[in-house]
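The values are calculated or read from the model by the stated rules, or taken from the named source; none is laboratory data. Quantities reported herein were computed from a predicted structural model and do not represent experimental measurements. Ideal geometry is used to build each Cβ from the backbone, glycine not excepted, and the neighbour counts take in all protein chains shown. Quick note on the areas: whole protein, heavy atoms, side chains included, nothing else; ligands and nucleic acids left out. Shrake-Rupley method; radii C 1.70, N 1.55, O 1.52, S 1.80 Å.
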Amino acid sequence: QVEVAESGGGSVQPGGSLRLSCVASGSITARYQMYQMTWHRQAPGKPRELVAAITSGGTTTYADSVMGRFTISRDNTKKAVFLQMNSLTPEDTAVYYCRVPAFNIWGQGTQVTVSS
């Protein structure tokens, strides 16, 4: 069984920062370093979108809307992937999900709300 669990969401004012974490558990942990990890988000009334991805080798890609503001990273010793979000705007308000593409496993999501 493979599971991932996100944490770190919350409410923040525009211009603020948050750091999301996603920790994997189960059978994936033995070879966690081999797997690409991704962050997605879904705002109310909108489809889920890919925000950032990181390969096993550490190569990162980002959606245009977050380029230069968000940073994805991973710590294979902790079986974790992170999403550092800076200069947040109300348009970043969404539920953020972690995913393991190789298994099509999703976390339960963590709410991020950006509002003054």
For the stretch 62-116, accessible area per residue (1.4 Å probe, heavy atoms of protein chains only), Å²: 47 Å²
Per-residue SASA entry for E49, accessible area with 1.4 Å probe, Å² rounded to 10: 70 Å²
Extension gain from S25 to S116, taking 0.36 nm per residue of separation minus the Cα-Cα distance: 29.2 nm
Range of Cα positions in the chain per principal axis (Å), largest first: 43, 24, 23
Net charge of Cβ neighbours under 10 Å - reference D92; Lys, Arg +1; Asp, Glu -1: +1
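Lys and Arg at +1, Asp and Glu at -1: add these up for the other residues within a Cβ distance under 10 Å of G107 and post the number. Intermediate results must be reported in sequence, preceding the final value.
Details: positive: R99; negative: E3, E6.
Net charge in that neighbourhood comes out at -1.
Leaving ligands, DNA and RNA out of it, report the carbon-plus-sulfur percent of the accessible area of the chain at a 1.4 Å probe.
Looking at the chain in its full context, I get 49 percent from C and S.
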